[in-house]
Structures are given as C-alpha cells and as structure tokens.
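What follows is calculated from the coordinates using simple rules that are stated; it is not laboratory data. Remember, it's a predicted structure, so these values are computed and weren't measured experimentally. Glycine also receives a Cβ, built like all others from the backbone with ideal geometry; neighbour counts cover every protein chain displayed.
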Amino acid sequence: MRYNQGTSIPGGGEQGNVEVWKGWPQAGLEPTKLGGGELDSFFQKIYTRHQGKTITFLCIGTDRSTGDALGPLVGTKLAERGIKEVVGTLREPCDAGNLQERMAAIPPENIVVAIDACLGAPGSVGYYLVSEQPLQPAQSVGSSLPAAGHYSVAAVVNVKGPKPYWTLQMTSLYKVMQMADEIAAAAAVPFGK
C-alpha cells in the first residue's frame, strides 16, 4: 500500500480530474498503524470533523480472492448496519475493473473513506494503516489504479512476498472476516443508525 500526496484522480470533478480529492491535506500526514480496538477513534474524528456532510465508504476489492475480499465484506457489513453511502459490497464489488467508474459516480461534495486490503511486514499483519490521505489500490500486487479517498484504511491481511496474487489467494478467510468485522464495528459507532 502506498499513500500518495498531490495525486490527480481521474474521473472526478467538472474537468475530469480532482487534485488529491479536492485539495485534501497534502503535507506530513503519514499512515498510522492501529489495532482493531483503536479504529473507533479514527472514525470518530472523521465524523466530528465533517458533521452534516455526506460520508461515502469506498470499499475496494473483489469477492474472487480471499485476501482481497476485505473491502466488499466491510461494505456489506456497513450496509447491513444501516449505513447508506457505501460503494463496494459482496453483491456489487468495487474492483480494478470498475474502480474509476464507481469513483466518478460519487458526488464531488462527499467525503470519501477508502477501505482496502493490503500486504505488509510480518509485524503489521492484523493491523490497520489509517491516514488522512488517499490510498493507492493494488499497489502491493504491482498494479496501477487511481488514488482513492480523502481518508483511508488499509488492512494488512498478510505478509508481502514475491508472489502477491498467490499470497492474497492463500490468506486466511477467518483473518479477513475478523478484520472486516472490526472495521465495520468501529465505523458504525459514529456513522451507524
């Protein structure tokens, strides 16, 4: 997972590009590693900062890979908890094939929280890298997709190695489901109905 500063996001805004999701924070905001029990404060901060604004959860991933199913699992769980602005569920995943189209459909005034799985260092597996910056989906598998979100949550589901697609396929479904539950429960504290 790589966080970008100053990245143009194709498909947004009136002229087809949105600078760092409408000029969002650009300097010195590195991702923070949190445990599941610490996620609620991250979501509470977003809620407090943007009261009265529409928050969209952009849950990136596919239901065709165990490790990469985290995003659609989170999206489904958020929708089941009554959160209406969710893009990316098990029924309608937001994946590499439709990410740009799905991002372009989000109203430009919405605040976007991007959620995705990632691979990382052995000591980070089971933790979350949260940031007030966009995330770069599919970075850990060597793909190039547009940066996404004003805020981001990257769940480290397994160790990064020489065969990232294989690693994601062989990731523990139990671990992915547990992490999806933690994210959805934390987000539902301030945003749930």
Study note, to complete from the structure: Per principal axis, largest first, the Cα atoms of segment 82-131 extend in Å by 37, 23, 22
Exercise for review: Please work out the FRET efficiency for the pair MET177 and GLN44, using the Cβ-Cβ distance as r and a Förster radius of 22 Å; give the result to the nearest 0.05.
Suggested key: 0.40
Exercise for review: Take segment 19-134, compute every pairwise Cα distance, and split them into 10 Å bins from 0; I just need the percent in each bin.
Suggested key: 13, 43, 38, 6
Practice item. May I ask you to compute the full-extension gain from ALA104 to TYR165, defined as 0.36 nm times their residue separation minus their alpha-carbon distance, rounded to one decimal in nm? Key: 19.3 nm
Study note, to complete from the structure: Taking only the alpha carbons of segment 92-192, the radius of gyration and the largest Cα-Cα distance, Dmax, both in angstrom, are 13.9, 40
